[in-house]
Amino acid sequence: AALKAGVGARDPARPIIHEIPFDSDRKAMSVVVRGPGETILMYTKGAPEEILSKCVSERRKSGTPVPRRPSHSRAR
C-alpha cells in the first residue's frame, strides 16, 4: 500500500518517527513520518469502513476539498 502511494519503506526524505502496529480493535495500522520542512504525516491502512469513518472531507477530481456527506460514509 505504501509503495502504491509513492512512499518507500525507508525513504530518507521521510524518516519514520513512530509506528502504530495493526490492532484488531482499531482495524488499522499507521506510520508517522517527518515530511518536508517541519511537516508530520501519518499514513494509515486498514479496513475501509474504519478509514472512511475518520474522514471529514474528500478531494474532488479537480483537487478541491469538500466536506464529506454522511451518505459517503459506507465503503463501496
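Out of ARG59, ARG34, ARG68, I need the residue that is surrounded by 10 or more Cβ atoms within 10 Å (Cβ to Cβ) and closer than 26 Å to ALA13 by Cα. Which one?
Just a single option satisfies the conditions, and that option is ARG34.
Quick check on my filter: what residues within the stretch 25-60 are in contact with a helix residue (DSSP H, G or I) (Cβ under 9 Å, 6 or more places away or on another chain) and assigned to a strand (DSSP E or B)?
Correct list: ALA28, THR44, LYS45, GLU58.
For the stretch 56-76, how many residues are hydrophobic (A, V, I, L, M, F, W, C) and modelled with pLDDT of 90 or more?
Of the residues in the stretch 56-76, 2 are hydrophobic (A, V, I, L, M, F, W, C) and modelled with pLDDT of 90 or more.
The values are calculated or read from the model by the stated rules, or taken from the named source; none is laboratory data. This is a predicted model, so every value here is computed, not measured. A quick note on method: Cβ atoms are made from the backbone with ideal geometry, for glycine too, and the neighbour counts reach across all protein chains shown.
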